[in-house]
1. Looking only at residues in segment 16-27 that are of a type outside the set (Ser, Thr, Tyr) and over 20 Å from Ala104 (Cα atoms), which one is farthest from the ligand (Cβ to nearest atom)?
2. Looking at segment 274-331 only, could you name the residues that are under 19 Å from the mean Cα position of the chain (by Cα), crowded, with 23+ Cβ neighbours inside 10 Å and among the charged types (D, E, K, R)?
3. If I filter segment 15-27 for residues that are surrounded by fewer than 16 Cβ atoms within 10 Å (Cβ to Cβ), in contact with a strand residue (DSSP E or B) (Cβ under 9 Å, 6 or more places away or on another chain) and modelled with pLDDT of 95 or more, do I get at least one hit?
4. Check Ser121 against each of (1) under 30 Å from Trp389 (Cα atoms); (2) surrounded by fewer than 18 Cβ atoms within 10 Å (Cβ to Cβ); (3) touching a strand residue (DSSP E or B) at 6+ places or on another chain (Cβ under 9 Å) and name the one condition it does not meet.
5. Could you list all residues from segment 252-267 that are within 16 Å of the ligand (Cβ to nearest atom) and assigned to a loop (DSSP other than H, G, I, E, B)?
6. How about segment 313-368: which of its residues are away from the ligand (no atom under 16 Å from the Cβ) and of a type in the set (Ser, Thr, Tyr)?
7. Can you tell me which of Asp372, Asp378 is out of contact with any helix residue (DSSP H, G or I) (no Cβ under 7 Å at 6 or more places or on another chain) and over 18 Å from Gly261 (Cβ atoms)?
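The values are calculated or read from the model by the stated rules, or taken from the named source; none is laboratory data. Remember, predicted model here, so these are calculated numbers, not experimental data. With ideal geometry, Cβ positions are generated from the backbone for all residues, glycine too; neighbour counts draw on all protein chains shown.
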Amino acid sequence: MKIAMLGTGYVGLVSGVCFSDFGHEVVCVDKDPRKIEMLKAGKVPIFEPGLDRLMATNVDAGRLTFTLDLAEALDGAEAVFIAVGTPTRRGDGHADLTYVMAAAREIAETAKDYIVVVTKSTVPVGTNRKVAQELAAANPELEFDVASNPEFLREGAAIDDFMKPDRVVVGVQTDRAAQVMAEIYRPLFLRDFPIVTTDLESAEMIKYAANAFLATKITFINEIAALCEKVGADVKQVSKGMGLDGRIGNKFLHAGPGYGGSCFPKDTKALARIGQEHAAPMQITEAVIQINEEVKRRMVEKLRDLCDGSFNGKTVAVLGVTFKPNTDDMRDAPSLTIVPALVGGGAKVRVTDPQGRHEGEALLPGVDWCADAYEAADKADLVVILTEWNEFRALDLGRIAGSMASPRMADLRNIYSEEVASGAGFTEYTSIGRGREASARAG
Ligand SMILES: NC(=O)c1ccc[n+]([C@@H]2O[C@H](COP(=O)([O-])OP(=O)(O)OC[C@H]3O[C@@H](n4cnc5c(N)ncnc54)[C@H](O)[C@@H]3O)[C@@H](O)[C@H]2O)c1
């Protein structure tokens, strides 16, 4: 089967590469000439573990190609996936559908034969019907079906998530489209991965409901963490004790500096907006959005406390700025709130991140970039662990403390403990959701 993939970002490129690995012929198309040039040269424009190798294998096998030319991609394709961005629209929190609708128009103007137009982008309920209207308006002759196929992959583990998904969700209106989608996902179906086939609206809603639920879970434990600090409990122990309950589960129950990334912030805002528009307010989601902002602000105050009430004149080393480890994605990362607060408060900020510099340089003005944690912490007054990259989990803390002007640590990912930090020579240590006594006990 031939598939066209429109958009070669984090979702489109991973999906295109994985579909070609299923054995399909995939043509990936993007508007960005720089990306297509890199991809044609065998280079991956984003950082996603394992993607370069899988891409090379499928290019070599002749199943995967890249082009700027939509007509070339659509020629003979039975399905075209729309995997373009749906960022937050300025001003009202709604998902911006400009790119999706433009893609639909371009497909309608270019396609010649029956095709299933599959929206993989995360879109508000009702969008697939609008896509169908757009297609019909732009090319009344075109025979087509639309399908909703929201994507659930996580950056940093995207290939595994795509190849071994918890489920695939497919929303369709016709048997013909259902058959094309079943054929595309046959390799997963044969291996007993659940495929939920449903209507368009339910498929669209599943994606927003799932993301809002996960954001709620993170925010819930962040709120519990704040209370733990007041009452002397240890949120790590609380998470463990809660997560062992099969009804709750241990995932997304780690307290931290607030959720960020390319999905949760914009998808929670979009869901809240959809609720308002339909007079069915999403009150839990609205609270989550607000609390998450407060969590980030609370982090800034935590750091200020550690700096004796003022950042002015202090040197602060920040370890990790991407929104999570194993990605170079900086979209809505907590660092974008926390680092500017440090810089704005008069601190000299030294940053290190294994993959974040490429994106981060433009987004974090006024900081110095360092090669590693040791260089960043040298003569600093405070070291902040902001993203839990593996290489920050086993630091030589003695070496770091020994090189600092005043050895203080804010461990915003609860990687270490008060006992370990003080054993290494840190005079002050703070983490998330651990009352002083509790963190000393945790060892
Ligand atoms: N990033 C994730 O982890 C993730 C996970 C699940 C779902 N999603 C959803 O998937 C969608 C895409 O997200 P992303 O992170 O891959 O975005 P992205 O910004 O990384 O990539 C979008 C790509 O689409 C291209 N593009 C835009 N308009 C185009 C057009 N008309 N023709 C060809 N190419 C075009 C852009 O040049 C860009 O390369 C969003 O709706 C997002 O919410 C993202």
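1. Gly23
2. Asp329
3. Checked segment 15-27: no residue is surrounded by fewer than 16 Cβ atoms within 10 Å (Cβ to Cβ), in contact with a strand residue (DSSP E or B) (Cβ under 9 Å, 6 or more places away or on another chain) and modelled with pLDDT of 95 or more.
4. It is condition (2) that Ser121 fails.
5. Phe252, Tyr259, Gly260, Gly261, Ser262, Cys263
6. Scanning segment 313-368 gives Thr315, Ser335, Thr337, Thr352.
7. Asp372
Per-residue answers, yes or no, for (1) part of a helix (DSSP H, G or I); (2) touching a helix residue (DSSP H, G or I) at 6+ places or on another chain (Cβ under 7 Å):
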{"site": "Arg350", "(1), (2)": "no, yes"}
{"site": "Glu359", "(1), (2)": "yes, no"}
{"site": "Asp368", "(1), (2)": "no, no"}
{"site": "Val383", "(1), (2)": "no, yes"}
{"site": "Glu388", "(1), (2)": "no, no"}
{"site": "Gly398", "(1), (2)": "yes, no"}
{"site": "Ser406", "(1), (2)": "no, no"}
{"site": "Ile415", "(1), (2)": "no, yes"}
{"site": "Phe426", "(1), (2)": "no, yes"}
